[in-house]
Amino acid sequence: MAVPIHVAYVDGAPPRWSDAVLSGVADAFPNPVRAVPLPVDLTPSLVPSRGQHHATLVLATLLRHRPDTGAKILGIVAVDLFIPVLTFVFGQAQFDGPSAVVSTYRLRPEFYGMPSDEGLLVERVIKECVHELGHAFGLAHCAAYECVMHASTAVDSVDLKGAAFCRRCAGALEARGGA
Amino acid sequence: MSERRILIVDDELSVRSSLEGWFREDGFQVESAADGQAGLRAMAHGPFDIVLLDLKMPGMDGIALQKRIREIDPRATIIILTAYASVETAVEALKLGAYDYVTKPVDPDDLANLVRNALRSRALAEENVRLKQKVSELAPAEPILAVSPKMLHVLEMVRTVAETDSSVVIRGESGTGKELLARAIHAQSARRFFPLVAVNAGSLPETLLESELFGHEKGAYTGAQYRRKGKIELADGGTLFLDEIGDVTPKTQVDLLRVLETRRFTRLGGNQEISSDFRLVCATHTNLEQLMQEGRFREDLFYRINVFSIDVPPLRERPEDILPLTAFFVEKYARAMGKPALTVSADAEAVLLGHRWPGNVRELENAVERAMVVGRGPEIGVRDLPVTAQNGAADGPQPRSLEALEKEHIGRVLGECSGNVTRAARILGIDRATLYNKLRRYGLRR
């Protein structure tokens, strides 16, 4: 049976576009996708000297609050995430593991001085959610620029790629039980 | 495509695990180490496409570690990573050959670009090595110029033996072009698309020759800091040219015999048997049969390598080749030096023909090269030739024909008379018509 995917808005109430993200993820994965309430406190993962949240600690929190141990859990947060060696990350996943997290902080057009654009934000959040879940299903980065598994280290490269897996990644995902 | 490999050396666990995850998602096979010693141990599992080094670590710091890594793998692509931005240390790291230097925390886009560029640069360097190797394999062998019946017979034997896979021994004096013939055999054989690997057994002491031939494992002896493939392994599919086979010591003769019988060997200090499919071409200036009788060359090895034997005659036994070879070398060096091709004066030709050439074709080539350097006029004259060629007769008593002596003498006198036939005839004590006849016969006038 396909592994269920749980999607949780971790810090605060789900935004009004949460259903759009849910259906975007469901479009990419044939696995059952459902929203789960997960009101957890992210304060312990905050590193005051950087003013950012440690992505690995957020993943650990998600794992502790996972409602179903057989499922993959994807957390969506509004705070800025980092891993120690990098200035920031859009998201992080346990490679071939149960949890993944995506931050909307640097996906918002306002972060780059652009006017608010909810459609664009939702598009970016869906791509990053699918991307991090891909890693959680054991997929590495893909060289095809249009594939959702293409590495994105800046927001313009998120905009360039699609929200779907290329044929090669889709095949690899199926082989790994992601479908 | 094989998986890309990265080694991360950093004393901070959180940095190591972050980078491990980041690079694993990028499709790398990742190894990490917490300090310099562990990093050096990890290098034994190399090679790595990229080595990421923290600059400040307890014990061995990044700069010291970088030096050690370079000794183990001189082609390693090293990126220095540090929390302490310091121009001095950055410059030092770059001087030691680091690819680049970044400070933590690094922008993910910068790190991704850095790694992509480092991989591209490494791939280009590797491609460059591969292409150079390919070009040398595909380049036509240097032509062997010969008009003498003796040398034409040698070339016929080269053609015949090239089609087979038999071992060949090329015998001849120093400078007769034995390596050129070995290359011609390789270039005309079915193995021509694989490497020809040359080893000069005469120039290396026993232990170095063994290491050169069989390769060695890391730590096989003092100074063996990393694994190295031997020439036998590198010649797989191609030809191994072993020059001065007569100088090989008895121990190496035994080891060589074993490889020739089984086509298998182990690297020095190693246990793993390696096979190599190569064709052996040997060369020697010594009399192997005599060495065998004196007990200095193994009989079984002699018969194993001497399946086909080619004797290259010395240049003095084929004087017909001297002038065509001279013309060939004049053109070769004219092209290399960007000079017009000079002609060779009649008296210079006579000197060239009269010399004994103890150093054979190599000596002739050197003489022509020197003449091309010092020559000023439109033709190479006697004074442009090196002293050894001008004073060929001073080399000692030489068996030479009266004709050769006459030709050389006429050429010299004509040169001294600046080509004036009447004056030359008077000095030689013969009439002009006789001198003209002799000049025509010896080809001294064009």
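The values are calculated or read from the model by the stated rules, or taken from the named source; none is laboratory data. What you see is a predicted model, and the numbers here were worked out from it, not measured in a lab. For neighbour counting, all protein chains shown are included, and Cβ atoms are generated from backbone atoms with ideal geometry for every residue, glycine included.
Some values worked out for this structure:
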| item | result |
| --- | --- |
| Test: residue in region B:78-90 that is touching a residue at least 12 places away in the same chain (Cβ under 8 Å) and part of a helix (DSSP H, G or I) | yes |
| Candidates B:Leu114, B:Leu152, B:Leu145 - the one that is in a loop (DSSP other than H, G, I, E, B) and either closer than 30 Å to B:Trp357 by Cβ or over 24 Å from the mean Cα position of the chain (by Cα) (or both) | B:Leu145 |
| A:Arg124, sole failed condition from (1) under 12 Å from the mean Cα position of the chain (by Cα); (2) within 13 Å of chain B (Cβ to nearest Cβ); (3) charged (D, E, K, R) | (2) |
| Those residues of region B:1-54 which are in contact with a Lys or Arg (Cβ under 6 Å, 6 or more places away or on another chain), in a loop (DSSP other than H, G, I, E, B) and within 12 Å of chain A (Cβ to nearest Cβ), in sequence order | B:Asp10, B:Phe28 |
| Those residues of region A:39-55 which are within 11 Å of chain B (Cβ to nearest Cβ) and surrounded by 20 or more Cβ atoms within 10 Å (Cβ to Cβ), in sequence order | A:Gln52, A:His54, A:Ala55 |
| Near pairs, Cβ below 6 angstrom, 6+ apart or cross-chain, from region B:273-289 (at pLDDT 90 or above) to any residue that is polar (S, T, N, Q) and not in a loop (DSSP other than H, G, I, E, B) | B:Arg279/B:Thr239; B:Val281/B:Thr239 |
| Extreme residue, surrounded by the fewest Cβ atoms within 10 Å (Cβ to Cβ), among residues of region A:129-152 that are facing chain B (nearest Cβ under 10 Å) and in contact with a His (Cβ under 8 Å, 6 or more places away or on another chain) | A:Ala143 |
| Hits in region B:174-226 (condition: in contact (Cβ under 8 Å) with a residue 40 or more places away in the chain, acidic (Asp, Glu) and within 18 Å of B:Leu256 (Cβ to Cβ)) | B:Glu206, B:Glu210 |
| Hits in region A:21-35 - residues which are surrounded by fewer than 18 Cβ atoms within 10 Å (Cβ to Cβ) and not in a helix (DSSP H, G or I) | A:Pro30, A:Pro32, A:Arg34, A:Ala35 |
